[in-house]
Amino acid sequence: SAVQNLQEVTQDKVQEFLDSFDTVLTDCDGVLWIDNNAIPGSAGTMNYFRKLGKKIFYVTNNSTKIRSDFARKAQELGFVANAEDILSTAYLVAHYLKDIDFSKKVYLLGSNGIGEELEAVGISYIGIGPDHVKPDFKSMKPADLDPDVGAVVVGFDEHVSYPKLMKAASYLASEECLFIATNTDERFPRADSIVVPGTGTLVRAVETCSERQATVLGKPHAYVRKFLESCGLNPARTLMIGDRCTTDIELGIRCGFQTLLVLSGVTSSKDLDQIRYEKKPPLPDVVLPKLGDLLSLIPS
Ligand code: PLP
Ligand code: CA
């Protein structure tokens, strides 16, 4: 299938597109904002969707915040959002473990966002914050491990260290220990030449030394898909908006949603040329430079 550029179609087609969905699922970073800066026009477009009566959900692979913090950030940047409208990977971790009546402790290679969501469902955890080599890495002993740990959760952790990898892999040496990861994003979007490793980097590291494969909960994996399917959406009338083909667009395709790719985040227009040329899936149905461009295309 060809990727349709919404800017190249007639106003009738744009109207037809707007009429074709009643639920909007949107990625956050790269579509609505980058870090703490709103992407111009995104709030206007989302608010227009809301005015048309469309139901909106925010679906983010970011594991560092709880849902109410995301809602507050969204509100500060001009979006209308409630905590219940937000599906973040920290929330998915807590939901997953609660679903299976998990009653042990979590070893968390991650940040406060996951910790707070776990607390909210009564699950205890250890591992947050720095864990440095002292006095040398080989001095770690089995007694340094907590016998109550029954799951290793890997999310974004800026304090990742050799001792943490040792502990994670040592817990995972026990077959009964669950191995859960929030997401496998390769990198964070960045305008300059600095590469910022994403959570997928840490997941691969733990998978390598534990010789196991994580159950990944975020976009485009099965758990978030099942979660969305349980929300009673009509796939044919749902639109997934994203800036990353391998997570957002892939999830949309797997769920049978319509998909809109914007080029304001991870995927560049050069990447899109490559995608179109190679016709290599996952291909979005439609594309726009940025979400705000939809506003200027709307028939008055
Ligand atoms: N993971 C972390 C830790 C992040 O900070 C971000 C973006 O800020 C993401 C993942 C990607 O989030 P999204 O799925 O909203 O693009
Ligand atoms: Ca994104």
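The values are calculated or read from the model by the stated rules, or taken from the named source; none is laboratory data. Source: prediction; values computed, not measured. A quick note on method: Cβ atoms are made from the backbone with ideal geometry, for glycine too, and the neighbour counts reach across all protein chains shown.
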Q: Would you check which residues across the stretch 166-205 are among the small types (Gly, Ala, Ser), in contact with a strand residue (DSSP E or B) (Cβ under 6 Å, 6 or more places away or on another chain) and away from ligand 1 (no atom under 11 Å from the Cβ) and list them?
A: ALA168, ALA181
Q | Counted residues, the stretch 169-187 - those being over 14 Å from GLU207 (Cβ atoms), more than 16 Å from ligand 2 (Cβ to nearest atom), of a type outside the set (Asp, Glu) and surrounded by fewer than 18 Cβ atoms within 10 Å (Cβ to Cβ) | A | 1
Q: Could you give me the residue pairs with C-beta distances under 7 Å whose first residue belongs to the stretch 236-252 and is under 10 Å from VAL59 (Cβ atoms) and part of a strand (DSSP E or B), whose second residue is polar (S, T, N, Q) and within 12 Å of ligand 2 (Cβ to nearest atom) wherever it lies, and which are 6+ apart or on separate chains?
A: ILE241/THR26
**Q.** Members of the stretch 256-279 found to be in contact with a helix residue (DSSP H, G or I) (Cβ under 8 Å, 6 or more places away or on another chain), assigned to a loop (DSSP other than H, G, I, E, B), more than 18 Å from THR23 (Cα to Cα) and not polar (S, T, N, Q), listed by number
**A.** LEU263
(Q) Please return the ranges of helices (runs of 4 or more DSSP H) entirely within the stretch 4-101 where 1 or more residues are surrounded by 14 or more Cβ atoms within 10 Å (Cβ to Cβ) and within 14 Å of ligand 1 (Cβ to nearest atom). (A) 42-51, 67-76, 89-99
(Q) Just checking: which of the helices (runs of 4 or more DSSP H) contained wholly in the stretch 107-222 hold 3 or more residues that are of a type in the set (Val, Ile, Thr)? (A) 199-210
Q: Just give me the residues in the stretch 132-161 being at pLDDT 95 or above and aromatic (Phe, Trp, Tyr), in sequence order.
A: PHE156
